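The values are calculated or read from the model by the stated rules, or taken from the named source; none is laboratory data. Bear in mind the structure is a predicted one, so any value in this text is a computation, not a measurement. Every residue, glycine as well, gets a Cβ built from its backbone with ideal geometry; the counts of neighbours run over all protein chains shown.
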Amino acid sequence: MQSWKESVFIGRKITRYLCLSKTEGISDYIVVNINIINEKECPPDGYCLIPRTIDSDQKAWRKRQLCYKLSRKSLATYAITDIILLSRSKKAPDGFNLVGDLNGLTLCYKTSPQSPDVPLPTLTYGLTPTLSTEKIPNSNGSLSSLPSLESSAHVLSHDYDRLMSLKPTRPAPKLPPTYSSSNYSTLNSYQGLEGIPFILNQNISVEHKSIFKDIPEIKIKTSEDLDLEYNYSFEQERQV
């Protein structure tokens with residue numbers, strides 16, 4: 001959106017842009033109408049205001065307000081696709097609708113029809129082909145087939161029994177063997193540890209308890225013991 005000249009005395013012109021995005025915004029919603037109202041007027045029901053700019057959070061309009069209306073895409077019959085601001089002409093070009101004067105500029109918008117969502121095709125066959133059907137006459141004299149309520153209820157009541165009686169006709173296949181890499185080399189590889197038994201040193205075995213006599217006993221101290229032992233008053237530091 002383009003704003004008015006706020007700093008004409010120092011020769012500085014502030015420019016704003018009024019944008020209509022076709023990718024940003026609320027998903028599945030489109031702009032269907034734009035309106036200009038007075039500064040202190042409340043917007044109509046269903047309309048939203050654009051009071052301030054996004055980048056600098058300044059007042060967007062002078063003496064007027066711009067509001068717009070959103071609608072769900074599936075419910076709208078048309079959508080606003082283009083917005084233009086005219087500085088000289090006060091008449092909307094061909095194909096555009098005139099909104100009114102906004103900051104000394106003429107605001108116009110263009111719409112295009114919205115095609116509604118295509119409904120899902122209806123099934124031409126029944127979901128339970130075993131149901132018996134009855135012929136009933138239509139208003140044009142032709143006959144149409146409808147499932148019998150009694151037969152359908154009888155068939156559906158035994159569906160659970162048929163499911164419970166289903167059993168596999170063959171046993172489940174065995175699990176595939178685990179993958180193992182084959183060694184086709186002609187030379188044997190050695191790691192350097194062949195023939196060395198994996199045992200503990202005799203000096204640390206349970207039978208030789210004499211080596212543990214020199215290990216001092218670890219005394220568990222409480223928080224009070226730690227405070228008494230390592231307490232420091234910092235009196236000399238405070239005197240300095």
Breaking point among (1) of a type in the set (S, T, N, Q); (2) in a strand (DSSP E or B); (3) at pLDDT below 90, for residue 115: (2)
When both residues are 6+ apart or on different chains and their Cβ atoms are under 8 Å apart, which pairs have a first residue that lies in the stretch 78-93 and is of a type in the set (Phe, Trp, Tyr), and a second that is outside any strand (DSSP E or B) and surrounded by 12 or more Cβ atoms within 10 Å (Cβ to Cβ)? 78/114
Is it true that residue 14 is more than 26 Å from the chain's Cα centre (by Cα), outside any loop (DSSP other than H, G, I, E, B) and surrounded by 10 or more Cβ atoms within 10 Å (Cβ to Cβ)? no
In this structure, is residue 31 surrounded by 11 or more Cβ atoms within 10 Å (Cβ to Cβ), over 28 Å from the mean Cα position of the chain (by Cα), modelled with pLDDT of 85 or more and part of a strand (DSSP E or B)? no
If a residue has to be more than 14 Å from residue 20 (Cβ to Cβ), in contact with a Phe, Trp or Tyr (Cβ under 7 Å, 6 or more places away or on another chain) and surrounded by 12 or more Cβ atoms within 10 Å (Cβ to Cβ) to count, how many in the stretch 72-96 make the cut? 1
Every residue from the stretch 51-74 that is touching a residue at least 40 places away in the same chain (Cβ under 8 Å) and aliphatic (A, V, I, L, M): 60, 66, 70
Which of the residues belonging to the stretch 1-27 are over 15 Å from residue 68 (Cα atoms) and either at pLDDT 85 or above or of a type in the set (Ser, Thr, Tyr) (or both)? 3, 7, 15, 17, 23, 27
From the residues in the stretch 34-45 that are surrounded by fewer than 12 Cβ atoms within 10 Å (Cβ to Cβ) and not hydrophobic (A, V, I, L, M, F, W, C), which one is nearest to the chain's Cα centre (by Cα)? 45
